[in-house]
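Visitor: Pasting a structure here, questions to come.
The values are calculated or read from the model by the stated rules, or taken from the named source; none is laboratory data. Treat the numbers as computed from the prediction; the structure is a model and nothing was measured. Neighbour counts are summed over all protein chains in view; Cβ atoms, including those assigned to glycine, are modelled from backbone coordinates with ideal geometry. Note: areas computed on protein heavy atoms with side chains; ligands, DNA, RNA excluded. Shrake-Rupley method; radii C 1.70, N 1.55, O 1.52, S 1.80 Å.
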Amino acid sequence: MRFPQRRLLIRRVELTPPPRPCCLRTTTFSTTAAAASPDRRLLAVLRGCVSPSHLSLGLQVHGRAVTAGLHATDTALQTRLVGMYVLARRFRDAVAVFSSLPRGAAACALPWNWLIRGLTMAGDYRSALLFYLKMWAHPSAPLPDSHTFPYVVKSCAALGAIALGRLVHRTARTLGLDGDMFVGSALIKMYANGGLLWDARQVFDGMAERDCVLWNVMMDGYVKAGSVSSAVELFGDMRASGCEPNFATLACFLSVSATESDLFFGVQLHTLAVKYGLESEVAVANTLVSMYAKCKCLDDGWKLFGLMPRDDLVTWNGMISGCVQNGFVDQALLLFCDMQKSGIRPDSVTLVSLLPALTDLNGFNQGKELHGYIVRNCVHMDVFLVSALVDIYFKCRAVRMAQSVYDSSKAIDVVIGSTMISGYVLNGMSQEAVKMFRYLLEQGIRPNAVAIASVLPACASMAAMKLGQELHSYALKNAYEGRCYVESALMDMYAKCGRLDLSHYIFSKISAKDEVTWNSMISSFAQNGEPEEALNLFREMCMEGVKYSNVTISSVLSACASLPAIYYGKEIHGVVIKGPIRADLFAESALIDMYGKCGNLEWAHRVFESMPEKNEVSWNSIIASYGAYGLVKESVSLLRHMQEEGFKADHVTFLALISACAHAGQVQEGLRLFRCMTEEYQIAPRMEHFACMVDLYSRAGRLDKAMELIVDMPFKPDAGIWGALLHACRVHRNVELAEIASQELFKLDPHNSGYYVLMSNINAVAGRWDGVSKVRRLMKDTKVQKIPGYSWVDVNNTSHLFVAADKSHPDSEDIYMSLKSLLLELREEGYIPMPDLCCPTHLDSSTQVQQQ
């Protein structure tokens, strides 16, 4: 190895010992050392070079050794040079010096150990193992010793080479070194990290002597494997053996109590920390603050924080994170300012903890300020900080800013990619989300479970079941399906793609169902026309002891509104009043909607008036409830009150108001509200608004205006708009316009039997039997099955289902006798049947009579 020539700062003095010892106070080598010979003096100085800051001195010694001719003869000096370069993290130079060692120096284990240690420290685990194997192959190399095996085992563990690690373990056992505490500690850690807890425990139990480090390694292995009970049991054995825990022991178990939110266990550990005098240790104090914060005892965290020195960055980060987790965002921002005033510079961990809080506040401006701080102070933009910035911009609907942060990042990994996918889905950009997922695959980045769960909602929103099935297959191949959030996303995707059977199949296969899984399945049933199944699932959820939330209550109330089943709704209302959770704004809004759709407007209004706080959703729910009964005047009055309370009407508000006008037949008022929405509130009308306007004109018999509106729409009409027009054509017997609407419907929804039957009946009433035959022939060619309509009646809180000419009910004879008697009375009163107006628009929909 060639070294650059350096000007050695060495004075020429007599090599006689000084009258008294003197200390080496400079970083240059001096010949005034007390050694008896030059090689011993150089070796003594090299032993003092133990960090990168001593590299300059080490280079001078190396140069002096070369000049003096000692480099090729003194094996101890050469070995120590290898060690000096390893400690200075100059691993290439260490390898170069090692390669120049004579055969005699290679017979000692020390240079091999230095080099294996250095390569392991550098993260070059393959090279470390390669030199270990060369150590065995070298003709004059010694046997590995107790200093060799710890780093060899560590390299095996880092590479996941457990099989090779077992061979190294067997070799250590053969050499009688498996009982060494350092070797044993490395073996336990390798087995524990590889999930082989039994092997790790075998090594641990075979150790004759166990110090605190060894106990800590075994307990940490149990904790990381999720076997907390075994770790706690081992902790008891440790104390019983007389070995006192250190700061690492308590920090490990405090992190467990924080993760599990186990305050009782955390307080016990705090007591132990005080008993052993470890509460002032920074690592213990920081984990104590984190534990109290995660256990919702922030006051105790504040007390500890007040007693701690304010010069540790981790301490500040822990307290800021605790404030954010407990919803005290203002205090977190004040701490962030105080942190800078005290001279502590925030790092990426600080900012990652703080940014999600600004998202909750919709703090777009505060987020930009923090982004500016990051740029000005050159804070390292790691993947987590990039993801946090992207996340806040997406949640504040600043899509361009999010994309700008993503584009400026130097590298992309699965974390950033997953955040981008979630952000696109949140902003309704499903195609961009799928493109980002495909880009990850193109870049050779393997999607993890989070990425799969993030892209599945995009498939659901686009009804892209084929892509969803491909992702499902990928999740199965990579064993991701066992994770609740992946399974919940799969259930939601299949449900929104119209495959409730597959959604329920996945749900039934989940062994450990959490609250999110139950909520997802209940919501899927409620939203896909299976309200009874949703209610049955809610009962099953309660019977299994799963805690429900306001999300559950909202979904179940939606199912009650769809039936409608007011008695079930009242029972759930009672659960909300008497149950363990307090209804939030959305659950109370769902109550209003349920009572409104079940025909009890008085209770809907009572729930609305009793709400301590209201938001746009609750106002929209009560307006829609009044609007469903055609009470336009009351609905508009509620709109004014809503504005007076400081709430702004949105597209849902105007949808309810225009629908109210359609039910009441108030065309001019509906047209006024539509113009008010577009001109005054600058709200772009959506498909459902145009459908309401078509229904408004159609109910009033103004089919020409309805058709004119359809033609002038800024986007292509869907089946709902053409269906409303077809229904109006049936009422007003406009066969020509019905022909146009039906042709569009047969293209948009070719398998809906209701449209075919409706058009056939329109032709029959008009005497166009050729048209009837044509429609029936089309149904046969398209293989459309006529779905029978059904009705049900609720008597004494029991539902009774009927189809046409149904005789399956046990009381069918009495029912038909009562029906005949009722028809006779109706005719006596002058009733004239009109069968052409009794055909429902959708034969798969139902009608209901409810006995209050």
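Visitor: If a residue must be of a type in the set (A, V, I, L, M) and either in contact with a His (Cβ under 7 Å, 6 or more places away or on another chain) or within 27 Å of residue 278 (Cβ to Cβ) (or both), how many such residues does the range 325-350 contain? Reasoning before the result, please.
Guide: The initial filter retains those residues of the range 325-350 that are of a type in the set (A, V, I, L, M), namely 329, 332-335, 339, 344, 349.
Then drop every residue that is not either in contact with a His (Cβ under 7 Å, 6 or more places away or on another chain) or within 27 Å of residue 278 (Cβ to Cβ) (or both), which leaves 335, 339, 344, 349.
So the count comes out to 4.
Visitor: Give all pairs with beta carbons closer than 8 Å in which a residue from the range 463-479 that is open to solvent by 50 Å² or more (accessible area, probe 1.4 Å) meets a residue that is modelled with pLDDT of 90 or more and aliphatic (A, V, I, L, M); count only pairs at least 6 apart in sequence or on separate chains.
Guide: If the second residue must be modelled with pLDDT of 90 or more and aliphatic (A, V, I, L, M), the pairs left are 474/452.
Visitor: Then there is this: Do the conditions hold for residue 96, that is, is it modelled with pLDDT of 70 or more and surrounded by fewer than 18 Cβ atoms within 10 Å (Cβ to Cβ)? Working first, answer last.
Guide: On the way: modelled with pLDDT of 70 or more: yes; surrounded by fewer than 18 Cβ atoms within 10 Å (Cβ to Cβ): yes.
Yes: the conditions hold for residue 96.
Visitor: Would you confirm whether any residue within the range 747-758 is of a type in the set (Phe, Trp, Tyr), modelled with pLDDT of 80 or more and open to solvent by 50 Å² or more (accessible area, probe 1.4 Å)? Reasoning before the result, please.
Guide: First, pick out the residues of the range 747-758 that are of a type in the set (Phe, Trp, Tyr): 755-756.
Remaining after also requiring modelled with pLDDT of 80 or more: 755-756.
Narrowing the set further to residues that are open to solvent by 50 Å² or more (accessible area, probe 1.4 Å) leaves none.
Scanning the range 747-758, I find no residue that is of a type in the set (Phe, Trp, Tyr), modelled with pLDDT of 80 or more and open to solvent by 50 Å² or more (accessible area, probe 1.4 Å), so the answer is no.
Visitor: Mind listing whichever residues of the range 418-456 are of a type in the set (Lys, Arg) and at pLDDT 90 or above?
Guide: Initial filter on the range 418-456 (of a type in the set (Lys, Arg)): 435, 438, 446.
Across the range 418-456, the qualifying residues are 435, 438.
Visitor: Which number in (1) open to solvent by less than 20 Å² (accessible area, probe 1.4 Å); (2) at pLDDT 80 or above marks the one condition that residue 233 misses?
Guide: Looking at each condition in turn, residue 233 falls short on (1).
Visitor: Among 417, 367, which is within 22 Å of residue 337 (Cα to Cα) and small (Gly, Ala, Ser)? Talk me through it step by step, then tell me what you get.
Guide: Values: 417 fails: within 22 Å of residue 337 (Cα to Cα).
367 is the lone residue from the list that is within 22 Å of residue 337 (Cα to Cα) and small (Gly, Ala, Ser).
Visitor: Return yes when residue 338 is free of Cβ contacts under 8 Å to residues at least 40 places away in the same chain, open to solvent by 60 Å² or more (accessible area, probe 1.4 Å), of a type in the set (D, E, K, R) and closer than 20 Å to residue 290 by Cβ and no when it is not. Before you say what the answer is, go through the steps one by one.
Guide: Details: free of Cβ contacts under 8 Å to residues at least 40 places away in the same chain: yes; open to solvent by 60 Å² or more (accessible area, probe 1.4 Å): yes; of a type in the set (D, E, K, R): yes; closer than 20 Å to residue 290 by Cβ: yes.
Spelling it out, residue 338 is indeed free of Cβ contacts under 8 Å to residues at least 40 places away in the same chain, open to solvent by 60 Å² or more (accessible area, probe 1.4 Å), of a type in the set (D, E, K, R) and closer than 20 Å to residue 290 by Cβ.
Visitor: Which of (1) outside any helix (DSSP H, G or I); (2) open to solvent by less than 30 Å² (accessible area, probe 1.4 Å); (3) in contact with a helix residue (DSSP H, G or I) (Cβ under 6 Å, 6 or more places away or on another chain) is the odd one out, the single condition residue 145 does not satisfy?
Guide: Every condition holds for residue 145 apart from (2).
Visitor: Next question, about the same structure. Criterion first (over 18 Å from residue 475 (Cβ atoms), assigned to a loop (DSSP other than H, G, I, E, B) and free of Cβ contacts under 8 Å to residues at least 60 places away in the same chain) does residue 412 satisfy it? If you could, list the steps in order and put the result at the bottom.
Guide: Working: over 18 Å from residue 475 (Cβ atoms): yes; assigned to a loop (DSSP other than H, G, I, E, B): yes; free of Cβ contacts under 8 Å to residues at least 60 places away in the same chain: yes.
Yes: the conditions hold for residue 412.
Visitor: Give the range 362-396 a look and list any residue that's of a type in the set (A, V, I, L, M) and exposed (fewer than 14 other Cβ atoms within 10 Å of the Cβ), or say none. Walk me through it before giving the result.
Guide: First, pick out the residues of the range 362-396 that are of a type in the set (A, V, I, L, M): 370, 374-375, 379, 381, 383, 385-386, 388-390, 392.
Correct list: 375 only.
Visitor: Could we say that residue 202 is surrounded by fewer than 15 Cβ atoms within 10 Å (Cβ to Cβ) and under 25 Å from residue 162 (Cβ atoms) here?
Guide: On the way: surrounded by fewer than 15 Cβ atoms within 10 Å (Cβ to Cβ): yes; under 25 Å from residue 162 (Cβ atoms): yes.
In short, yes.
Visitor: In the range 357-398, which residues are modelled with pLDDT of 85 or more, more than 23 Å from the chain's Cα centre (by Cα) and β-branched (Val, Ile, Thr)?
Guide: Across the range 357-398, the qualifying residues are 374, 375.
Visitor: Taking the range 585-631 as the search range and keeping residues that are aromatic (Phe, Trp, Tyr) and surrounded by fewer than 23 Cβ atoms within 10 Å (Cβ to Cβ), which one is nearest to the chain's Cα centre (by Cα)? Step through it out loud before you land on a result.
Guide: Applying the first criterion (aromatic (Phe, Trp, Tyr)) to the range 585-631 yields 586, 595, 603, 608, 619, 626, 629.
Subsequent filtering for residues that are surrounded by fewer than 23 Cβ atoms within 10 Å (Cβ to Cβ) retains 586, 603, 608, 629.
Values: 586: 22, 603: 38, 608: 34, 629: 42 Å.
My answer is 586.
Visitor: What are the residues in the range 581-604 that are among the small types (Gly, Ala, Ser) and in a helix (DSSP H, G or I), if any?
Guide: Within the range 581-604, the first condition is being among the small types (Gly, Ala, Ser), and the residues that meet it are 583, 587, 589-590, 596, 599, 604.
Once the filter is applied, which keeps residues that are among the small types (Gly, Ala, Ser) and in a helix (DSSP H, G or I), the range 581-604 yields 587, 589, 590, 596, 604.
Visitor: Still on this model: Can you name every residue in the range 510-526 that is assigned to a helix (DSSP H, G or I) and either under 19 Å from the mean Cα position of the chain (by Cα) or closer than 11 Å to residue 492 by Cα (or both)? Outline the logic, then answer.
Guide: First pass over the range 510-526, keeping only residues assigned to a helix (DSSP H, G or I): 515-526.
Answer for the range 510-526, where residues must be assigned to a helix (DSSP H, G or I) and either under 19 Å from the mean Cα position of the chain (by Cα) or closer than 11 Å to residue 492 by Cα (or both): 515, 516, 517, 518, 519, 520, 521, 522, 523, 524, 525.
Visitor: Looking at this structure, is residue 650 open to solvent by 20 Å² or more (accessible area, probe 1.4 Å), modelled with pLDDT under 90 and not assigned by the TED database to the domain that holds residue 756?
Guide: Working: open to solvent by 20 Å² or more (accessible area, probe 1.4 Å): yes; modelled with pLDDT under 90: yes; not assigned by the TED database to the domain that holds residue 756: yes.
Judged against the criteria, residue 650 is a match.
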